[in-house]
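Reviewing the structure listed below.
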Amino acid sequence: MGLGWWRFIGAAIAGILFFHGFCYSETAPNYTFVQEATSAPPTLFYDYIIIGGGTSGCPLGATLSQGASVLVLERGGSPYGNPNITNIGSFAASLSDDSPTSPSQLFVSEDGVFNTRARVLGGGTCLNAGFYTRANTSYMKEVRWDEKLVNQSYEWVEKKVVFEPPMLQWQSAVRDGLLEVGVNPYNGFTYDHLYGTKVGGTTFDRDGHRHTAADLLEYADPKRITVLLHARVERILFRGEGRPRAHGVIFRDALGYEHRASLVRDSRSEIILSAGAIGSPQVLMLSGVGPADHLRAHGIKVVMDQPMVGKGMSDNPMNAIFIPSPSPVEVSLIQVVGIPRFDSYIEAASGSSFGYTWAQAQLTNFGLLSDKNGQTSPKSSANAVETTNTFANATSQGGVILEKIMGPLSTGHLELRNTNPDDNPYVTFNYFKEPEDLQRCVQGMRTILQVINSKAFSNFRYEDIPVQVLINGMLSSPVNLRPRHVNATVSLEQFCIDTVMTIWHYHGGCQVGRVVDWDYKVLGVDALRVIDGSTFNNSPGTNPQATLMMLGR
């Protein structure tokens with residue numbers, strides 16, 4: 001990032017560290033500054049307006065509130081009091097909940113792969129498998145981050161929401177199996193991204209309760225921040241002839257009433273988009289910043305012709321093998337990761353909550369199809385929830401070993417479906433378009449099969465069930481809407497293509513150097529930045545949530 005911006009942030013953090021002990025703070029979930037948008041006046045004025053109270057938006061709002069007035073607009077509700085979010089055993093249920101007030105919004109990419117957008121304060125940290133690991137140092141250099149400040153910001157996050165996992169039998173067997181098949185060295189428990197096998201952090205505490213980015217609002221100055229829930233941003237407002245300047249936003253509350261939030265008249269005031277890799281490019285386009293012809297086709301007035309908005313969309317492809325166990329296994333999400341030199345990450349989960357891999361997959365049992373707005377029908381959603389829960393309970397004696405590839409190199413694009421901000425846009429990820437991605441998947445699957453056959457893992461698999469049966473089982477499971485090919489039973493290349501799933505690490509759409517500069521300012525306009533995963537060219541580490549929270553800080 002630019003030297004001036006880093007100096008400003010460094011000075012701000014120094015001031016925060018000095019004053020924090022003297023500043024009154026509030027404890028989650030009892031935030032007085034978190035309110036329903038229906039309680040907001042028609043017009044509001046703030047130094048900073050943050051669109052999206054997610055993985056980056058919450059730490060960003062907390063940090064900025066130490067020296068300015070901040071408004072955070074979150075389209076979803078609160079994560080607190082929702083057991084599907086809080087409890088590790090309800091993990092699959094939170095992903096399969098497609099009710100109007102659900103924290104997850106399902107969508108099907110144009111590749112025929114099920115995916116989920118977060119719709120809740122705390123964003124994806126409320127829905128994911130909880131794995132916490134930092135980006136590697138080479139990534140920091142590539143994106144021009146100040147390594148010292150980055151590490152301080154990671155530590156700030158870790159004090160609130162990160163724990164060492166318990167490492168019971170299943171996870172230990174996977175760890176030992178990875179080491180047995182040569183994914184060395186063993187790096188123990190660490191947040192650092194290192195080749196070999198390691199135990200990473202988790203956002204689930206020892207009682208199995210999830211901690212999210214919303215907990216980072218405990219750092220906020222409650223007198224200077226307002227967080228509005230169920231505040232659906234329709235568009236950003238611009239003024240000025242020649243070079244446009246963002247000056248406000250239009251949003252609606254849960255009852256449909258319109259509100260306007262405006263920046264105070266200060267040269268430092270800004271609007272910051274933190275709506276995620278799907279939401280941020282969508283909001284930019286709805287506001288008139290994007291490919292001009294595409295915007296005009298939807299009747300949107302062009303503020304800035306920016307053809308790269310929505311480009312460079314990527315999703316790290318995930319492929320997996322489900323392994324039934326002859327004995328019960330613990331409920332665990334991601335705790336161990338193998339990072340081989342070919343850059344395919346091996347992870348595992350077990351027990352009933354491992355069903356995150358199948359939570360969306362089972363939707364096809366009832367012929368789930370999106371309607372014209374990219375939404376799911378109520379009947380299909382209800383059936384999907386029932387089937388997912390039944391499936392997870394029936395397969396509690398087992399687990400899944402999965403791999404995702406680094407990067408990836410393959411990219412796609414995002415386009416508006418219509419002008420309704422509630423509806424999902426069209427998203428194409430082009431999984432395995434680049435041959436190198438496919439080869440990494442094949443190498444990762446070979447490693448998984450070796451782990452399954454390892455001595456260390458022998459207590460958790462039936463001797464009379466060969467791996468070919470496990471492969472065939474995945475091919476017969478409705479994990480996506482893609483066609484199956486006969487040769488997928490013997491070709492790992494075709495198996496990867498046919499059974500690809502998401503691991504919810506999608507990114508791009510507002511990338512640095514294309515849509516925003518190295519200070520994350522939107523190119524061609526003033527008083528507007530983007531701070532979230534849409535700015536990434538690659539997904540950092542094995543799981544991006546640590547880096548997204550750090551980036552917000």
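The values are calculated or read from the model by the stated rules, or taken from the named source; none is laboratory data. Please read all numbers here as calculations on a predicted model, not as lab measurements. Here the Cβ positions follow ideal geometry from the backbone for every residue, glycine too, while neighbour counts run over all protein chains shown. When the accessible area is computed, the model is the full protein with side chains, heavy atoms only, and any ligands, DNA or RNA have been set aside. Shrake-Rupley method; radii C 1.70, N 1.55, O 1.52, S 1.80 Å.
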| said: Can you say whether residue 496 is in contact with a strand residue (DSSP E or B) (Cβ under 6 Å, 6 or more places away or on another chain), closer than 28 Å to residue 409 by Cβ and assigned to a helix (DSSP H, G or I), as far as the supplied structure shows? | reply: yes
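Among the residues of the range 308-332, count how many are part of a strand (DSSP E or B) and hydroxyl-bearing (Ser, Thr, Tyr). Reasoning before the result, please.
Applying the first criterion (part of a strand (DSSP E or B)) to the range 308-332 yields 311-314, 317-324, 332.
After this cut, where a residue has to be hydroxyl-bearing (Ser, Thr, Tyr) as well, the list is 314, 332.
Going through the range 308-332 one residue at a time, the tally reaches 2.
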| query | Among the residues of the range 461-493, which ones are outside any loop (DSSP other than H, G, I, E, B) and open to solvent by less than 20 Å² (accessible area, probe 1.4 Å)? | reply | 470, 471, 474, 488
| request: Under 6 Å between Cβ atoms, at least 6 apart or on separate chains: pull out the pairs that start in the range 286-305 with a residue that is free of Cβ contacts under 8 Å to residues at least 24 places away in the same chain and in a loop (DSSP other than H, G, I, E, B) and end on any residue that is surrounded by 20 or more Cβ atoms within 10 Å (Cβ to Cβ) and of a type outside the set (A, V, I, L, M). | output: 301/288; 302/288
| Do we have any residue at all in the range 59-71 that's surrounded by fewer than 24 Cβ atoms within 10 Å (Cβ to Cβ) and either within 18 Å of the chain's Cα centre (by Cα) or of a type in the set (D, E, K, R) (or both)? | no
| request: Tell me which residues, restricted to the range 538-553, are in contact with a Pro (Cβ under 9 Å, 6 or more places away or on another chain), part of a helix (DSSP H, G or I) and within 19 Å of residue 346 (Cβ to Cβ). | output: 546
| field | Residues satisfying the stated conditions in the range 323-342, i.e. aliphatic (A, V, I, L, M) and open to solvent by 20 Å² or more (accessible area, probe 1.4 Å) | value | 329, 331
| query | If you check every pair at least six apart or on different chains, which have Cβ atoms under 7 Å apart with a residue in the range 234-246 that is touching a residue at least 12 places away in the same chain (Cβ under 8 Å) first and a residue that is open to solvent by 60 Å² or more (accessible area, probe 1.4 Å) second? | reply | 234/252; 238/245; 245/239
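Return yes or no: is residue 517 touching a strand residue (DSSP E or B) at 6+ places or on another chain (Cβ under 9 Å), modelled with pLDDT of 95 or more and open to solvent by 10 Å² or more (accessible area, probe 1.4 Å)? Steps first, please.
Numbers: touching a strand residue (DSSP E or B) at 6+ places or on another chain (Cβ under 9 Å): no; modelled with pLDDT of 95 or more: yes; open to solvent by 10 Å² or more (accessible area, probe 1.4 Å): yes.
It is false that residue 517 is touching a strand residue (DSSP E or B) at 6+ places or on another chain (Cβ under 9 Å), modelled with pLDDT of 95 or more and open to solvent by 10 Å² or more (accessible area, probe 1.4 Å).
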| remark: Sole miss for residue 50 among (1) in contact (Cβ under 8 Å) with a residue 40 or more places away in the chain; (2) crowded, with 24+ Cβ neighbours inside 10 Å; (3) within 17 Å of the chain's Cα centre (by Cα) is condition (3)
| request: Give 90, 94, 99, 56 a once-over and let me know the one that is at pLDDT 95 or above and of a type in the set (Ser, Thr, Tyr). | output: 56
| Identity of the residue in the range 392-406, closer than 29 Å to residue 438 by Cβ and open to solvent by 10 Å² or more (accessible area, probe 1.4 Å), that ends up modelled with the lowest pLDDT | 395
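Looking only at residues that are more than 29 Å from the chain's Cα centre (by Cα) and aliphatic (A, V, I, L, M) in the range 444-469, which one is modelled with the highest pLDDT?
My answer is 456.
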| note | Those residues of the range 521-532 that are open to solvent by less than 10 Å² (accessible area, probe 1.4 Å) and either part of a loop (DSSP other than H, G, I, E, B) or in contact with a Ser or Thr (Cβ under 8 Å, 6 or more places away or on another chain) (or both) come to a total of 3
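For the range 214-225, indicate whether the set of residues that are under 30 Å from residue 172 (Cβ atoms), surrounded by fewer than 18 Cβ atoms within 10 Å (Cβ to Cβ) and at pLDDT 95 or above is non-empty. Quick ask: steps written out before the conclusion?
Looking only at the range 214-225, we keep the residues that are under 30 Å from residue 172 (Cβ atoms), and these are 215.
Narrowing the set further to residues that are surrounded by fewer than 18 Cβ atoms within 10 Å (Cβ to Cβ) leaves none.
Checking the range 214-225: not a single residue is under 30 Å from residue 172 (Cβ atoms), surrounded by fewer than 18 Cβ atoms within 10 Å (Cβ to Cβ) and at pLDDT 95 or above.
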| message | Would you confirm whether or not the range 37-47 contains a residue that is within 20 Å of residue 211 (Cα to Cα) and open to solvent by less than 20 Å² (accessible area, probe 1.4 Å)? | response | no
| Failed item, numbered, when residue 189 is tested on (1) hydrophobic (A, V, I, L, M, F, W, C); (2) in contact (Cβ under 8 Å) with a residue 60 or more places away in the chain; (3) farther than 19 Å from residue 213 by Cβ; (4) open to solvent by 10 Å² or more (accessible area, probe 1.4 Å) | (2)
| Taking the range 416-437 only, how many residues are polar (S, T, N, Q), open to solvent by less than 40 Å² (accessible area, probe 1.4 Å) and under 22 Å from the mean Cα position of the chain (by Cα)? | 2
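Say whether the condition of being part of a loop (DSSP other than H, G, I, E, B), touching a Gly at 6+ places or on another chain (Cβ under 6 Å) and surrounded by 24 or more Cβ atoms within 10 Å (Cβ to Cβ) is met by at least one residue in the range 153-164. Steps first, answer last, please.
Start the filter on the range 153-164 by keeping residues that are part of a loop (DSSP other than H, G, I, E, B), which leaves 162, 164.
Those still in the list that are touching a Gly at 6+ places or on another chain (Cβ under 6 Å) too: 162.
Adding the requirement that they be surrounded by 24 or more Cβ atoms within 10 Å (Cβ to Cβ) leaves none.
There is no residue in the range 153-164 that is part of a loop (DSSP other than H, G, I, E, B), touching a Gly at 6+ places or on another chain (Cβ under 6 Å) and surrounded by 24 or more Cβ atoms within 10 Å (Cβ to Cβ).
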| query | Is it true that residue 198 is open to solvent by less than 20 Å² (accessible area, probe 1.4 Å) and among the basic types (Lys, Arg)? | reply | yes
| note | All-but-one check, residue 115 against (1) open to solvent by less than 30 Å² (accessible area, probe 1.4 Å); (2) over 15 Å from the mean Cα position of the chain (by Cα); (3) not acidic (Asp, Glu), failing number (2)
| query | Assuming residue 254 fulfils every condition listed in (1) without any contact (Cβ under 8 Å) to a residue 60 or more places away in the chain; (2) assigned to a loop (DSSP other than H, G, I, E, B) apart from one, which condition is it? | reply | (1)
| said: Quick check on the range 260-283: of everything there that is touching a helix residue (DSSP H, G or I) at 6+ places or on another chain (Cβ under 7 Å) and not hydroxyl-bearing (Ser, Thr, Tyr), which residue is most open to solvent (accessible area, probe 1.4 Å)? | reply: 275
| query | So is residue 134 basic (Lys, Arg), over 19 Å from residue 217 (Cα atoms) and open to solvent by 10 Å² or more (accessible area, probe 1.4 Å) or not? | reply | yes
